[in-house]
1. Residues in the stretch 553-568: is at least one open to solvent by less than 20 Å² (accessible area, probe 1.4 Å), under 17 Å from GLU329 (Cα atoms) and either within 16 Å of the ligand (Cβ to nearest atom) or modelled with pLDDT of 95 or more (or both)?
2. For the stretch 449-502, give me the residue count where each residue is within 16 Å of the ligand (Cβ to nearest atom) and either among the charged types (D, E, K, R) or in a loop (DSSP other than H, G, I, E, B) (or both).
3. Condition (residue is over 20 Å from GLN96 (Cα atoms) and either part of a helix (DSSP H, G or I) or over 26 Å from the mean Cα position of the chain (by Cα) (or both)) applied to the stretch 279-289: is it met by at least one residue?
4. Which residue out of ALA68, ALA80 is open to solvent by less than 10 Å² (accessible area, probe 1.4 Å), in a helix (DSSP H, G or I), modelled with pLDDT of 95 or more and over 15 Å from THR428 (Cα atoms)?
5. Is it the case that the stretch 505-513 has a residue that's within 14 Å of the chain's Cα centre (by Cα) and either modelled with pLDDT of 95 or more or surrounded by fewer than 20 Cβ atoms within 10 Å (Cβ to Cβ) (or both)?
6. Regarding GLY497, is this residue of a type in the set (Gly, Ala, Ser), out of contact with any Phe, Trp or Tyr (no Cβ under 7 Å at 6 or more places or on another chain) and open to solvent by 10 Å² or more (accessible area, probe 1.4 Å)?
7. Under 6 Å between Cβ atoms, at least 6 apart or on separate chains: pull out the pairs that start in the stretch 444-472 with a residue that is open to solvent by 10 Å² or more (accessible area, probe 1.4 Å) and end on any residue that is among the basic types (Lys, Arg) and away from the ligand (no atom under 16 Å from the Cβ).
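The values are calculated or read from the model by the stated rules, or taken from the named source; none is laboratory data. Note that the coordinates shown come from a computational prediction; the quantities given were computed from them, not determined experimentally. Reconstructed Cβ throughout: ideal geometry from the backbone, glycine too, with neighbour counts over all protein chains shown. Ligands, DNA and RNA are stripped out before the accessible areas are found, and what is left, the full protein with its side chains, is counted by its heavy atoms. Shrake-Rupley method; radii C 1.70, N 1.55, O 1.52, S 1.80 Å.
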Amino acid sequence: MAVWAGAAGLPARAQEAADAVVPEAATETGQQAISGMSAAAQEAKAAGVPVTAQDWMVAVANPYAAEAGARVLAAGGTAADAMVAVQAVLGLVEPQSSGLGGGAFLLWHDGESGETTTLDGREKAPLSAGPTLFLDQDGQPLKFFDAVVGGRSVGVPGTPALMQTAHARWGRSDWAGLFSDAIRLAEEGFIVSPRLAMLVAADAERLGRDPVARSYFLPDGHPVAEGQLLRNPEYAATLRTIAGQGARQVYVGRIAKAIVEKVQGAEGNPGRLSELDMSLYDVIERAPVCVPYRGHEVCGMGPPSSGGLTVGQILGLLSDFDLAEMGPESAEAWRLIGDASRLAFADRGRYMADSDFVPVPVKGLVEADYMARRAALLRRDTALSEVEPGEPEFDHALNWADDDAIELPSTSHISIVDSYGNALSMTTTIENAFGSRLMVAGFLLNNELTDFSFRSHRDGVPVANRVEPGKRPRSSMAPTIVLKDGEPALVVGSPGGSRIIGYVAKTIVAHIDWGMDVQQAVTLPHLVNRFGTYDVEEGSAAAALGEPLKALGFNVETRALNSGLHAIALGEDGLTGGADPRREGIAIGE
Ligand code: GLY
């Protein structure tokens, strides 16, 4: 195989406009190795070859976190145990992306029972939130960062409760011990990575608005620098509380009170989160959304995420086309992938939201006949000129207006396989880089509520993903486990806003259709089309496809496409792991 290793309507317009705001940017260099474990992993990544192992593997966004997870797995911990250790460290060393102040979705494949299930740890809107949350006094949507920075955008965090629930369900290790690496690093200090330093410098003005965030990220008025030792004693104290008394301590008592005071007291843009909202938070177990693809079952996260349904639709629509024969350098293959994605995104914008609040045609959207009808639209020679949502089967009237939510997340992905045959795929976020920019108890609070549509209605027709009290905003996070004969074959996910969906679908196609190993599949240049514009990855071999795609009728834009894919493939020869060269992550296994 040549070359390719290396690096509807209103929603279309609104989402294209959203693209003008820069999400968390790409990093060109990785972090220094922490020890021999991460040095070997970084060598493999630099050489573009997967890490191999037999018993267990962890692939995550930062070497400190990967090593913490590896230590837990090497000591006989489960993937759920390792996730707790990884998440606790990520909240320290990659605070812009995820942490105790955010939310997450987790897929779990159980080695013993063979069951796959999901945990929904998504943030919730306060009970006092309503349809005008993101409208100004004239009833017009707020500008994105006017909504984000401050207390208004903060939902009840779900990550601490998710960590506790996963450990209670599937853990074997002592809960308190899982925080020891994170507490040590927070107290003794960790080396600021190039990525964290670059992102703090780029966001200095917004981070400087909250005095607590300012004194942590901009001590003496200067952004923390790459290579600097940074301590976070407040975070260590919070972790000690959680380690000793459980994650419930974030939802009631001193920490909850501090969060609420911070949100309600945010200068210029307060929110309405209350202690009651905090105390009512619940993690929800939900069935996965599974779609057949070339002899595999691709299982993902259902509503309130759009990830599983949209990845599932893209793959379902592509099932009838011989992508393997076409190959990754074929403009025809990318015409099909791009337009399958546009069709899936049109359905996403119309129908997908928190299914506990609005009826969502989950089965209908990935039902074989429906996807075959949508796939028939792709049987042509050029790009689709118009893309409209379809009409999936459903026993409910579906009169929704299209959504215009803007998603520019920070976010991080955790893939873990343990020695008991369990597989865990978890995408975790505080939404935009540094979330609401409010810092309390050593961590940043999310701005997840801006994942709702800012408008509640359009021409009198309600938007499914509108703000409602206690509702969870629609997500694009797509933690995925691909099964073959009922056993995990690929564990994968990524950050990247609504482009997450394209990154994950591409990686699955590259691995299954194009036979790439997991590192090649992750590294393969991105081409993503959600709303009409074909985004082609800057500085990559994909640029060669720009002109052929234009000739097919696509509007093409070259840009940085900042995924953070972490993937583990499981096969007869054991485990192979890949980490995204666009960020600082690594895979470690044994
Ligand atoms: N805020 C990122 C996502 O949930 O898609």
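1. Within the stretch 553-568, one or more residues are open to solvent by less than 20 Å² (accessible area, probe 1.4 Å), under 17 Å from GLU329 (Cα atoms) and either within 16 Å of the ligand (Cβ to nearest atom) or modelled with pLDDT of 95 or more (or both).
2. Total satisfying the criteria: 19.
3. yes
4. Values: ALA80 fails: over 15 Å from THR428 (Cα atoms).
So the residue among ALA68, ALA80 that is open to solvent by less than 10 Å² (accessible area, probe 1.4 Å), in a helix (DSSP H, G or I), modelled with pLDDT of 95 or more and over 15 Å from THR428 (Cα atoms) is ALA68.
5. yes
6. For GLY497, the condition - of a type in the set (Gly, Ala, Ser), out of contact with any Phe, Trp or Tyr (no Cβ under 7 Å at 6 or more places or on another chain) and open to solvent by 10 Å² or more (accessible area, probe 1.4 Å) - is not met.
7. Qualifying pairs under 6 Å: SER456/ARG466.
The rows are residues; the columns are (1) at pLDDT below 90; (2) of a type in the set (Asp, Glu); (3) over 19 Å from ALA433 (Cα atoms).
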| site | (1), (2), (3) |
| --- | --- |
| VAL22 | yes, no, no |
| THR27 | yes, no, no |
| ALA33 | yes, no, yes |
| ALA40 | yes, no, yes |
| VAL49 | no, no, yes |
| VAL60 | no, no, no |
